[in-house]
Amino acid sequence: MRRGWWLAVLAGLVMLAGLAGCTRRDVLTGRLRSMPDDYARRVVADSVWACGNIYRWADHRTLRLDVTRTDHRPGAETAGDEVWLLDLVGGRVRIEKTAARQVIVYDGLSWRVFVEGKAVASDLELRAAAAGDVAVARALAPLPFSLLDPGPKIIYVGTRTGPGEARVWDRLLVAYDPGGRTPSRTLVEFNKETHRVEAAFISWAEAPFLGRCYRVDMDEWWTVADLVLAHRWRFVPVSETGAPTGAVRYTFQVRSAAFDVPTGLATFSSP
């Protein structure tokens, strides 16, 4: 009995040692290698390496973005500055809206909204908008690196060719489990020449999108700590075929970005 107990302890120690040796680099490269769709895996890998590489991304723990959000409404355009903090390992998010004195925190399971330091639980409109904000921050802002997050099923769905065959885009369908922490489906387009993400087509249920189809144009690719990220996202309403049905509705402009900003124990849980 005593010998069996020691063998069990030894097996446990070996297992813990193996887990301890599994670095974030190992986790991310493992997720990339385990993508069942060969062509999708190749497209993601090409894009990740075109924007830096998987090892540099794995070395960072947090990403802070100073963002100006503009709502383009006829005769009533509004703009406001926001600070986004993303936990790149745990999937948590903090969004501070300065003018509105509002803070949104997402702890990996659910989000909370604070206005002037007080939790708002009964305002369903604010909570719905918070879900949309978290979706943009988690799913779109870190592209293409967010495709290495746990959960999504990524499928190659062909190419799209531009006018005069001047440009061609690879297209990936990114599907998430219902009730997950990111929107259910996103169609992502990669320029075959540069391998960068140029657009994402969304039809998210979260506010302010409410199921309407949008094309998100992504540009202004700037280098931050040897990694390249899009610094502008423009949301244009489109039909189910992808044809524009109106002018730009929302613009998110990143004014500055920084990795590995220190966080506290309550950063993603309280104002």
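Readers should treat all values here as calculations from the given coordinates under stated rules, not as data from a laboratory. This structure is a prediction, so every number in the text was calculated from the model and none was measured. Cβ atoms come from the backbone with ideal geometry, glycine included; neighbour counts cover every protein chain shown.
Where the only charges are on Cβ atoms (+1 Lys, Arg; -1 Asp, Glu), what is the dipole of region 58-259 about its Cα centre, to the nearest 20 debye? Please report the intermediate quantities before stating the final value.
Working: 26 positive and 26 negative charges, 51 e Å.
I would put it at about 240 debye.
How do Val236, Val48 line up, fewest other C-beta atoms within 10 Å first? Let's see the in-between values first.
Values: Val236 18, Val48 22.
Ranking Val236, Val48 by Cβ neighbours within 10 Å, fewest first, gives Val236, Val48.
In a Gaussian network model over the chain where Cα atoms closer than 10 Å are linked, find which of Ala129, Ala76, Ala45 has the largest mean-square fluctuation.
Ala76
From the square roots a ≥ b ≥ c of the eigenvalues of the alpha-carbon gyration tensor of region 201-271, which class results: rounded (a/c under 1.5), prolate (a/b over b/c), or oblate?
Details: a/c = 3.22, a/b = 1.58, b/c = 2.03.
Because a/c hits 1.5 or more and a/b fails to exceed b/c, region 201-271 counts as oblate.
So for the chain, averaging the separation of alpha carbon pairs under 8 Å that are six or more residues apart and normalising by length, what relative contact order in percent results? Spell out each step's value before the answer.
Numbers: 521 pairs, mean separation 51.1, N = 271.
RCO, the chain: 19 percent.
Rank the residues Glu220, Glu189, Glu96 as a footprinting-exposure proxy: fewest other Cβ atoms within 10 Å of their Cβ go first.
With the sparsest Cβ surroundings first, the list reads Glu220, Glu96, Glu189.
Report, in whole Å, the centroid distance computed from the Cα atoms of region 64-100 and region 197-225.
Each part's Cα centre sits 14 Å from the other's.
Answer rounded, prolate or oblate for region 92-202, using the Cα gyration tensor with square roots of eigenvalues a ≥ b ≥ c: rounded when a/c is under 1.5, else prolate when a/b is larger than b/c, else oblate.
prolate
What percent of all Cα-Cα pairs in the chain falls into each 5 Å bin, going from 0 up to the bin containing the maximum distance?
Bin by bin from 0 Å, the calculated values are 1, 5, 11, 16, 18, 16, 12, 8, 5, 3, 2, 1, 1, 0, 0, 0, 0.
Go ahead and set up a Gaussian network model of the chain, Cα springs under 10 Å, then flag whichever of Thr223, Thr70, Thr23 fluctuates most.
Fluctuation is largest for Thr23.
At 7 Å along the Cα-to-beta-carbon direction for both Arg160 and Asp260, put a label point, then send me their distance in nm to one decimal.
In this crude label model, Arg160 to Asp260 measures out at 3.8 nm.
Can you give the net charge of the other residues whose Cβ lies under 15 Å from the Cβ of Cys22, counting K and R as +1 and D and E as -1?
Charge balance near Cys22 sits at +3.
Using only the Cα atoms of region 40-111, each taken as one equal point scatterer with no solvent, compute I(q) by the Debye sum, divide by I(0), and report log10 of the ratio at q = 0.19, 0.22 Å⁻¹.
-0.91, -0.98
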